[in-house]
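What follows is a set of notes on a single structure, which appears directly below.
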Amino acid sequence: MIDRGLSGPRLVVAAAAGVMTLVAAILATPHPGESELRVTLRVTALVSATFFLSAFTASAWQRLPTPTTRWLLRNRRYLGLSFAASHLAHGLAILALARRIPGGWRAFPPPTLAGGGAAYVFIAAMAATSNDRAVAALGRWWHRLHTTGAYVLWFIFTFTYAGSAAVSPYHALLTAAFVAALGLRLAARFSARRSVAPSAPPRASDARRTEPGSA
């Protein structure tokens, strides 16, 4: 049922609509202020993390074929775009918060601004190139962009949550989830490399099939 109802572009539309509904519900007060914006940031960050981890680990689950893991792999591109839509809402909430708090952008630590800026640059680039035309046009650079971007975003998420993991069980749980996701992804890559016979040269058809988003 999920495969038919929430796949492809419809998944992105549903994700964007869901995030908009959540944000509207949080801000549906007579005078929404800083506290509501901070709740919006936490909620959109959690939604974004969920979509990101689903896309980040999708290829790692292919050795455990189930309807759910096959759905994840088929919809990896759209899970990434759903993450981008959710994090757009997160970014808009940050902009609104910066306009309300004393000091504005000066209230944010420089490393936070630098990391957040880098994250959004990669998100924008990856979202803009999440289509077949970009894959064909960029070739190996498409793979490099999306692989580098995925690990940069993983690091920023993990670093952010790990910073307060010692005092927040919620952040500790999210940190553990991101570390586990990295372990799963690296284990899958190591297993895939071991399963390839070193004496057998790869066929051209295999190279074309595995290049886009194989990491």
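Laboratory data are not the source of any read-out in this text; all were calculated from the coordinates shown. This structure is a prediction, so every number in the text was calculated from the model and none was measured. Note: ideal-geometry Cβ built from the backbone for every residue, glycine included; neighbour counts use all protein chains shown.
Normalised by 2.2 N^0.38 Å, with N the number of residues, the alpha-carbon radius of gyration of the chain equals 1.12.
Across all directions of projection, what mean area in square nanometres is found for the Cα convex hull of the stretch 80-179? Intermediate values should be presented prior to the final figure.
On the way: hull surface 29.8 nm².
Average of the hull's projected areas for the stretch 80-179 equals 7.4 nm².
In terms of other Cβ atoms within 10 Å, Ile26, Ile101 run from fewest to most in the order Ile101, Ile26. Spatial offset of the stretch 82-144 relative to the stretch 49-64 amounts to 20 Å, using the alpha carbon center of each. Largest GNM mean-square fluctuation across Ala181, Ala15, Ala28, computed for the chain with C-alpha springs under 10 Å, falls on Ala28.
Relative contact order for the chain: what is it in percent, counting Cα pairs under 8 Å that are at least 6 residues apart?
Values: 168 pairs, mean separation 47.0, N = 215.
Computed over the chain, the figure is 22 percent.
Between Ala93, Ala84, Ala124, the residue with the greatest mean-square fluctuation in the GNM of the chain (Cα pairs under 10 Å linked by springs) is Ala124. Cα axis of helix 9-27 to longest principal axis of the chain: angle in degrees, 0 to 90, nearest 10? It is inclined by approximately 20 degrees. Taking the inverse of the mean reciprocal distance over all distinct Cα pairs, the Kirkwood hydrodynamic radius of the stretch 30-149 comes to 16.1 Å.
Taking 25 °C and 0.890 mPa s as the conditions, I'd like the Stokes-Einstein D for the stretch 17-89 in µm²/s, using the Kirkwood hydrodynamic radius from alpha carbon pairs. Intermediate results must be reported in sequence, preceding the final value.
On the way: Rh = 13.4 Å.
In µm²/s, the coefficient is 183.
Exposure proxy shown here: for Ser35, Ser130, the number of other Cβ atoms within 10 Å sets the order, fewest to most, as Ser35, Ser130.
Between Leu53, Leu153, Leu184, the GNM of the chain built on Cα springs shorter than 10 angstrom shows Leu184 fluctuating the most. With both labels modelled 7 Å from their Cα along Cα-to-Cβ, the Arg70 to Tyr120 distance reads 4.1 nm.
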